[in-house]
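Novice: Handing you this structure, nothing more for now.
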Amino acid sequence: MFDTLTDSFKGAIDKIRFYDDNKALAKALKELKKSLLKADVHHKVVKELLVNVEKEVKGDVGKEKFLKALQNELTRILTAKGNQGFVFASKPPTIVLMIGLQGSGKTTTTGKLAYFLKEQKKKKVLIVAGDLQRLAAVEQLRQICEQIDVTLVADESKTPNQIVKEGIKKAQKELYDVVLIDTAGRLAIDDELMEELASIKKVANPDELFYVADAMTGMDAVRTAQTFKDKIGITGVVLSKFDGDSKGGVAMGIAHQVGVPLRFIGAGEKMPDLEQFIPDRVVSRLMGAGDLDSLAEKTANIIDEKKAKQLSKKIKKGKFNFNDFLEQMETMKKLGSMKSIMGMIPGMGGMAKQIGDMDLENSQELKQIKALISSMTPKERENPELLNNTRKRRLASGAGMSQMHVNRVLKQFKNAGKMAKQFSGKGGMKQMQDMMKQAQGRGIPR
Ligand code: GDP
């Protein structure tokens, strides 16, 4: 997510590793400056950060001290006064106005936020289509709501203010926890839009106003956030498209220059691809130290502990079969992109980059494997040894694979099962680490 920054911090930190003197500090600071500027961080922010880091380490240039100073400074810069993550109103429903320019990802983000609240916080969420000008926008919202199974209030024959009033009334009557109001977007900021938003704000009396900013637009995102803050008043920013070429500097700019806290980050087109922005956690990830808290939160509500235990028993006994595999695939899909998960595991940030956008849902190979497994009988899935050549041929043609490919998949699965069994035994974790070290030693590019 912050690849460029994480990489360049590593570079700066490595400069310190070998020397413990002031020259090393100067070198590391220079490296840091270069990398921050390259990551699109505003030059004033860079200057401030460098001065503070230098002040903090003065006299003691050890690596630990440098890391700690950098960590403190980054956390300070990324922290703006205000709420963190999602904050519920003391009296439900919590009303959130979603605002942003057209194409910024506002509609998608509204869906993602609803999905996050529903899946991770177990809340009852209502979405209101306040953007009634563009029919396509209402239709898009309708599709998203269907996909995530969230109720939508929309009526193209009404005015935005009417529909917002209606939505809130419904939420109060039917005890919804959260109301997300999608508002009209424009290609650029204009007076008419600002008036419409001000009017909706009056009617909705929201607890929060989230401005959705497209991270790909770099410093423009910082500027427009400032304008919306001045004209309408915003309580948080959600940065969308952070999976793109965005360099991370925009996150610092919004927190530090605009002074509005970043609340969420969208890093992918799918509904699970939204993460809470909690500064010290993000800094931990930035420094390549992972973020186990977020990972635990994300998995806790999706992975059923009892099932996980059953599964681990099966693996230990070497009984993991294709039925379990299919189930695991479904769970993985709910976790979002592989890349974002890897970035949360300490030491795996580098690997996340390698994996890139490995897409579980759309991978051709996995689609074929799924088709193959789906056409097996439950018995065959439990025990693939039952498959004879005739069956294999039939399965192969059904899944659009060659028989050789089918044989390869079956063999791989058998081997994977064996390996998993080995690793799940005593000292398995150590064995795995050794293997990874070996692999790294062999020079797998990072
Ligand atoms: P709106 O006009 O502001 O409502 O924008 P949309 O929600 O329609 O999003 C515009 C485009 O950006 C769509 O193609 C979305 O799929 C895409 N998009 C939104 N958020 C993200 C994100 O976090 N990452 C990526 N890669 N694409 C996104």
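Novice: Can you give me the number of residues within segment 4-27 that are touching a Gly at 6+ places or on another chain (Cβ under 9 Å) and at pLDDT 65 or above?
Specialist: Final tally of qualifying residues: 7.
Novice: Okay, next question. Can you go through I254, I168, I163, I265 and tell me which one is at pLDDT 90 or above, of a type in the set (A, V, I, L, M, F, W, C), surrounded by 15 or more Cβ atoms within 10 Å (Cβ to Cβ) and within 16 Å of the ligand (Cβ to nearest atom)? Outline the logic, then answer.
Specialist: Numbers: I254 fails: at pLDDT 90 or above; I168 fails: within 16 Å of the ligand (Cβ to nearest atom); I163 fails: within 16 Å of the ligand (Cβ to nearest atom).
Checking each option against the conditions leaves just I265.
Novice: Which ones in segment 218-253 are within 15 Å of S104 (Cα to Cα) and free of Cβ contacts under 8 Å to residues at least 12 places away in the same chain?
Specialist: D220, R223
Novice: Write out, first by first residue and then by second, each pair whose Cβ atoms fall under 6 Å of each other, whose residues are 6+ apart or on separate chains, and whose first residue, in segment 97-118, is within 8 Å of the ligand (Cβ to nearest atom) while the second is of a type in the set (D, E, K, R) and assigned to a helix (DSSP H, G or I).
Specialist: G100/K106
Novice: Take the conditions crowded, with 16+ Cβ neighbours inside 10 Å, over 20 Å from D214 (Cα atoms), more than 21 Å from the chain's Cα centre (by Cα) and at pLDDT below 90 and apply them to V57. Does it pass?
Specialist: yes
Novice: Can you tell me which residue is modelled with the lowest pLDDT among those in segment 268-295 that are at positive phi and not assigned by TED's automatic domain parsing to the domain that holds K121?
Specialist: Within segment 268-295, the match that is modelled with the lowest pLDDT is G290.
Novice: If you don't mind, another one. Here is a list: Y115, Y176. Which entry is aromatic (F, W, Y) and more than 26 Å from D214 (Cα to Cα)?
Specialist: Within the list Y115, Y176, the selection yields Y176.
Yes/no per residue for (1) surrounded by fewer than 22 Cβ atoms within 10 Å (Cβ to Cβ); (2) polar (S, T, N, Q):
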residue: T75; (1), (2): yes, yes
residue: G82; (1), (2): yes, no
residue: V87; (1), (2): yes, no
residue: T94; (1), (2): no, yes
residue: T108; (1), (2): no, yes
residue: K124; (1), (2): yes, no
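The values are calculated or read from the model by the stated rules, or taken from the named source; none is laboratory data. This one's a predicted model, so the numbers in the text were calculated from it and none came from an experiment. Cβ coordinates were reconstructed from backbone atoms using ideal geometry, including for glycine residues, and neighbour counts include every protein chain displayed.
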